[in-house]
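Everything on this sheet refers to the single structure shown next.
The values are calculated or read from the model by the stated rules, or taken from the named source; none is laboratory data. Predicted, not measured: the structure shown is a model, and the values here were computed from it. In this analysis, Cβ positions are derived from the backbone assuming ideal geometry, glycine residues included, and neighbour counts consider all displayed protein chains.
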Amino acid sequence: MNIKLFLQDLRQSSPRVKTAIVLILILWAVTLVAASTGMVLFMERTGQAIQTGAGVIIPSIELNPAIGQPGSVVTVQGQGWQSGRTVLVYLLDRQETVSSYAVASAVITPEGRFETSFVVPTDPRWQGEAAITVVARLLDGDTSVQAFFELTDSPASATPSPAATEPTVTPVLLVSDTPTVPLITTTTDLNIRSGPGIAYPVLGVLPAGQAVEATGRSIDDGWYQIKYPAAAGQRGWLSGRYVTVQNVSNLPVVSPPPLPLTATPTSLLSPTTTPIPTATPTSTALPGPTSTSTATSTPTRPVITEWRGEYYANPRLEGEPALVRNDRRLDFYWADGGPDAGLPIDNFSVRWNRTMDFEGGLYQFHVIVDDGVRLWIDDQLVIDDRQQGRPREISAEYALEQGEHHLKVEYFERFGGSGIRLWWDEVISSSYADWQGEYWSNRTLEGNPVFTRNDESIEFDWGYDAPAAGFPGC
């Protein structure tokens, strides 16, 4: 067509014809733009990466498997994404366009790829759905890609398959900005567990810096219950040691779920933990045989010659003790049992008191415990580890002058195995490679030094403190 003749005819046409032609041109342009946009969106939702003529790779995701039952573990693999960014994975039903939380996340590799997994939810919300929309979206970005997971009729078996025993789910729960919402923010990549303790299985991992809404706390304030929709009951637990908290003062105490059945350990310590010393104890060690033994007199008036043990049928040392007895040594491993037939095997606590003679010196006090413990010497808190957890060893140095000193130990057990062992050794240097430092508890160097140790240099600034814990300050 000759464009010049077309323009001449257009100028000679009536106003009505001119208007019609302009409208046709506008409709043609709008149709062209819509078709181009639709093509881009279609390519973003395909399962294969698309490379344009300009060499730009459009992000894509692939589900493996793409069809299955509720409770299945689905792997999401992505390619063509911006390296170093974080991608979040969301699940949408047919009525949703935006989800308030993500079920998984991953960091994109330098090659533009990522891989993460999620568990297909089993809660009633998804009943009747033919498919779940899986959306991968960049954190703090507008790039998103979706794929579809087709749901079969029946849920997966309650017995997890080996591959689904501990899925590598990385939940990221996005919470509202309401200032009164109790928030937990992680300071490191942190496991989400099914209960308040490391004996509970891992449900997922919360990346560092992510905030979640808290719904409860453990009785010792060591763990926080959070909203976690991907889990049964839509709840999970985070350790309080690696989080910052906000608005949690009114959180209720939540009873933990039962621990899963596990094999009973053969000793208080796992093989990777520092073993209990087998050397012959020094004169400061507790008397009695190396095996655990307990002498108990009449329940109403026990004769206390070593440790006074007060046993409580709760983990908080509240009320009157259910049992008072003489314990010769603090060396117990009750495993999955309890201290006495009249006490529960879980959720109990004990307070021990004893006064003993010590030679003056610097001592290393050791406690192996499952779950929590505190140690006082002459009313000074020396060890404070009240968390629930697997058997572990805690130690602390403390200087004692010659004479009597009072020891107090408080212990609590929540769930699972239980046990405690306390012992101490005097810190004695056999040689002094640098300076032989002799420390007296007086200003005139009278009598024997309280302890002697090797000091690498004479360069100290103790301020208002002391050269060692338990030693007199200024």
Residue in region 422-434 that is under 26 Å from ASN347 (Cα atoms) and of a type outside the set (Val, Ile, Thr) present = yes
Note on region 449-466: residues of a type in the set (A, V, I, L, M, F, W, C) and either touching a Leu at 6+ places or on another chain (Cβ under 9 Å) or not in a loop (DSSP other than H, G, I, E, B) (or both) are VAL450, PHE451
* Output yes when any residue across region 412-424 is in contact (Cβ under 8 Å) with a residue 60 or more places away in the chain and more than 28 Å from SER239 (Cα to Cα), and no when none is. => yes
**Study point:** Residue check, ILE50 modelled with pLDDT of 85 or more, aliphatic (A, V, I, L, M) and over 30 Å from the mean Cα position of the chain (by Cα)
**Key:** no
Checked pairs for region 451-474, first in the same structural domain as PHE365 (by TED's automatic domain parsing), second part of a loop (DSSP other than H, G, I, E, B) and surrounded by 13 or more Cβ atoms within 10 Å (Cβ to Cβ), C-beta under 6 Å and 6 or more apart or across chains, list as ARG453/SER429; ASN454/SER429; PRO472/SER441; GLY473/ALA466
**Asked** Being surrounded by 12 or more Cβ atoms within 10 Å (Cβ to Cβ), modelled with pLDDT of 80 or more, out of contact with any Asp or Glu (no Cβ under 7 Å at 6 or more places or on another chain) and not in a loop (DSSP other than H, G, I, E, B), is that true of even one residue in region 94-105?
**Response** no
Within region 319-338, restricting to residues that are of a type outside the set (Gly, Ala, Ser) and free of Cβ contacts under 8 Å to residues at least 40 places away in the same chain, the one that is surrounded by the fewest Cβ atoms within 10 Å (Cβ to Cβ) is GLU320
Qualifying residue in region 376-388 (condition: buried (at least 18 other Cβ atoms within 10 Å of the Cβ), at pLDDT 85 or above, assigned by TED's automatic domain parsing to the domain that holds THR305 and not in a strand (DSSP E or B)):
yes
Counting only residues in region 442-454 that are within 21 Å of PHE358 (Cβ to Cβ) and within 44 Å of the chain's Cα centre (by Cα), the one surrounded by the most Cβ atoms within 10 Å (Cβ to Cβ) is identified as PHE451
Residue count, region 389-415, condition surrounded by fewer than 21 Cβ atoms within 10 Å (Cβ to Cβ), part of a strand (DSSP E or B) and under 32 Å from the mean Cα position of the chain (by Cα), comes to 8
With criteria (1) of a type in the set (A, V, I, L, M); (2) over 29 Å from the mean Cα position of the chain (by Cα); (3) in a strand (DSSP E or B), ILE428 comes up short on (3)
On the given criteria, is SER457 of a type in the set (Gly, Ala, Ser) and under 40 Å from the mean Cα position of the chain (by Cα)?
no
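Results for (1) at pLDDT below 90; (2) surrounded by 15 or more Cβ atoms within 10 Å (Cβ to Cβ); (3) not polar (S, T, N, Q), shown as yes or no for each residue.
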site: GLY417; (1), (2), (3): yes, yes, yes
site: ARG421; (1), (2), (3): no, yes, yes
site: TYR432; (1), (2), (3): yes, no, yes
site: ALA466; (1), (2), (3): yes, yes, yes
Residue within region 414-423 that is under 28 Å from PHE471 (Cβ atoms) and either polar (S, T, N, Q) or not assigned by TED's automatic domain parsing to the domain that holds GLY470 (or both) present: no
Every listed condition ((1) at pLDDT below 90; (2) in contact with a strand residue (DSSP E or B) (Cβ under 6 Å, 6 or more places away or on another chain); (3) under 23 Å from ALA208 (Cβ atoms)) holds for VAL74 save (3)
Within region 360-372, does at least one residue satisfy the condition of being surrounded by fewer than 18 Cβ atoms within 10 Å (Cβ to Cβ) and charged (D, E, K, R)? no
